[in-house]
Amino acid sequence: MTRASPPSEAAGGRLRVRAGRFPWLLVVPALIGLAFLVLPFAGLLARAPWATLGTRLLLPEVRGALWLSLTTATAATAVAVVLGVPLAWLLARAEFPGRRVARALVTVPLVIPPVVGGVALLLALGRRGILGRHLDEWFGLTLPFTPVAVVIAQVFVAMPFLVISVEGALRGADRRYEEAAATLGASRAVVFRRVTLPMVGPGVLAGAVLAWARALGEFGATITFAGNFPGRTQTMPLAIYLAMQESPESAIVLSLVLLGVSLLILVALRDRWVGAV
Amino acid sequence: MDRRRAAAAAAGLLLAALAACAPVEEGGGPGGAQAQRTLTVFAAASLTEVFEELGERFERDRPDIRVEFNFAGSSDLANQIGEGAPADVFASADSRTMRAAADGGRTATDPAVFVRNTLRIAVPPDNPAGIESLSDLSDPGVKVALCAEEVPCGAAAAEALGAAGVNVTPVSRERDVKAALTKTELGEVDAALVYRTDVRASGEAEGIAFPEAKQAANDYSIAVLTGAEQTGPARAWMELVLSDESAEVFDDAGFTAV
């Protein structure tokens, strides 16, 4: 964080709590907010049948679903970074007609219900979809009901989080550094790689974490576009939903497994890469 | 001043949104002086069209009562009832779910079976894979969607396939029967096992009957719940559903009488 631009330092100074006065106005709503987020989780913990947790973890279906979830969410995050960072740069830095419209379009997957997103993906990339039809005709390639479809569904719902987060970071970054690098003779590519990217690094990371978490929890678009088949397209959220049909207890156990594993990974990454962010 | 006005506008919008969400009295009722009672019916999603029609009849005969529905998957509803959701009547799409509710002490009357639903093979309009019978579904080149075995239509499909001795590896185990039907209508799968009522309601998919469907019929059952606040109207609703008058409506929708 030593690279941080001057404005954020100033902000940090102003926010520091003045001695002798407790900021009730901030702390009270903050605690209510935290309780609101944590309370449902406490409900899960209270109802969890702890005794069966170990045996459930050993079930091959559960391990299969967990592995599929982790790998597809990671692949989806990688795709989202590769496509989303340049898209964010385009939206934040390039002047072109229709930029406002493009920016609004990026948020479409956030607004539409994921199940509708799944149907939209089927209509575009399905066996009879506008693009999928040709994939089938020319290459004999059908996407639905494959792990690739799982990744596609996750990218669709998760990439907007990354784009919005990176675009915000780009707008907040001081452009004078880039201009200085350019006047010193750096090419556009070099400026982007050596100046812009390091400046918005925390934004990219935060966006990637958001996207990964969203991809990991993705349900509606996945079950609609990729279907549900154990070992191939059944991710943890799908397994949890179906377990819920038979017994809420087993659904709770599976949810806790997913929550535990994702928290473990996020905390580990945070400590290693970001220090105290 | 600007900020205050913006806040007021936001609050106004919020109020308007809340008002829009609030239940609106249906027209045609009495002047409003009389307090209306609300009968809450939890019913399997496949009963949506039929129950809504029966609900209109019920309200016409009993203007003092408004019928409210909660349509969802039977097991979701049973879970909600188990967690204390305020419901007067429960109609499930299979007797297994109802039995679980009864065993949990949630039913106040003996569950009664009112209709039966049987399976059909649903195929896209032009039947691209040329499906004619259940055994065609075991062809590895045929893409089939089945319901997951955790939901009633999946349990019925497994029973029918077992009775026929046909082994099917589906490309997907769908979460409910409508999802399986949608994939058929879109042509993503060549066939799916769905209910006769779903084929009837679908404008696009075609249904193929098969003999083994008889062995895997779903018995829809209904019961008044122990938590019911409107016991009288709840019993009246149960009577209406079991009556000859309703049989016709069920028949039109593709249900079989028991």
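The values are calculated or read from the model by the stated rules, or taken from the named source; none is laboratory data. A quick note: this is a predicted structure, and the numbers were derived from the prediction, not measured. In this analysis, Cβ positions are derived from the backbone assuming ideal geometry, glycine residues included, and neighbour counts consider all displayed protein chains.
Points to keep in mind about this one:
- Test: residue in the range A:202-220 that is within 14 Å of chain B (Cβ to nearest Cβ), under 30 Å from residue B:152 (Cβ atoms) and crowded, with 17+ Cβ neighbours inside 10 Å: yes
- Scan of the range A:89-100 for residues that are out of contact with any Leu (no Cβ under 6 Å at 6 or more places or on another chain) and in a helix (DSSP H, G or I), ordered by number: A:89, A:90, A:91, A:93, A:99, A:100
- Of the helices (runs of 4 or more DSSP H) lying entirely inside the range A:121-185, those carrying at least 2 residues that are surrounded by 21 or more Cβ atoms within 10 Å (Cβ to Cβ) are A:147-172.
- Selection within the range B:81-100 - among the polar types (S, T, N, Q) and modelled with pLDDT under 90: B:95, B:97
- Residues of the range A:242-264 that are within 11 Å of residue A:65 (Cβ to Cβ) and either over 16 Å from the mean Cα position of the chain (by Cα) or of a type in the set (Phe, Trp, Tyr) (or both): A:242, A:243, A:254, A:257.
- Scan of the range B:66-95 for residues that are surrounded by fewer than 19 Cβ atoms within 10 Å (Cβ to Cβ), over 20 Å from residue B:255 (Cα atoms), touching a residue at least 40 places away in the same chain (Cβ under 8 Å) and touching a Phe, Trp or Tyr at 6+ places or on another chain (Cβ under 9 Å), ordered by number: B:85
- Some residue of the range A:253-275 being of a type in the set (Val, Ile, Thr) and within 14 Å of another protein chain (Cβ to nearest Cβ): no
- Criterion: surrounded by fewer than 18 Cβ atoms within 10 Å (Cβ to Cβ), within 14 Å of chain B (Cβ to nearest Cβ) and modelled with pLDDT under 95 - qualifying residue of A:115, A:111: A:115
- Qualifying helices (runs of 4 or more DSSP H) (wholly inside the range B:72-189; at least 2 residues being closer than 30 Å to residue B:227 by Cβ and away from chain A (no Cβ under 14 Å)): B:95-103
- Only one of A:247, A:187 that is free of Cβ contacts under 8 Å to residues at least 40 places away in the same chain, over 26 Å from residue A:144 (Cβ atoms) and within 13 Å of chain B (Cβ to nearest Cβ): A:247
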